[in-house]
Amino acid sequence: MADEVDKADSAIQLALDEMMYRHSARVKEEALFNALGEKVCSDCGIEIPIKRACIEGVTRCIDCQREEERYQRLYYIRSDS
Ligand SMILES: [Zn+2]
């Protein structure tokens, strides 16, 4: 009986720990984002999502980055032949 209560307690503790961990990761992300300032896509001007904006060297939103990569692939294929 006591064991089951302990198990329940540690399950709750684990859940709390995970919640705190996620929360602090998000806070860190936000702090980093604020330090960088608002980042907008250099191509279309929309705001870059926080997760992406935290990556160093990112200047475009995902859509424009894909467009750019597709363009570069085409360009390289053409310059190879
Ligand atoms: Zn864009």
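The values are calculated or read from the model by the stated rules, or taken from the named source; none is laboratory data. Predicted model only: the values in this text are computed from it and were never measured. As a convention, Cβ positions derive from the backbone with ideal geometry for all residues, glycine included, and neighbour counts pool all protein chains shown.
Details
- Pairs where the first residue, in the range 13-40, is closer than 28 Å to Gly57 by Cβ and the second is at pLDDT 85 or above, C-beta under 7 Å, 6+ apart: Glu38/Glu47; Lys39/Ile48; Val40/Ile46; Val40/Glu47; Val40/Ile48
- Pairs where the first residue, in the range 55-73, is free of Cβ contacts under 8 Å to residues at least 24 places away in the same chain and the second is within 9 Å of the ligand (Cβ to nearest atom) and among the β-branched types (Val, Ile, Thr), C-beta under 6 Å, 6+ apart: Cys61/Ile46; Cys61/Ile48
- Scanning the range 39-81 for residues that are of a type in the set (A, V, I, L, M), within 30 Å of Val27 (Cα to Cα) and exposed (fewer than 11 other Cβ atoms within 10 Å of the Cβ) yields a total of 1.
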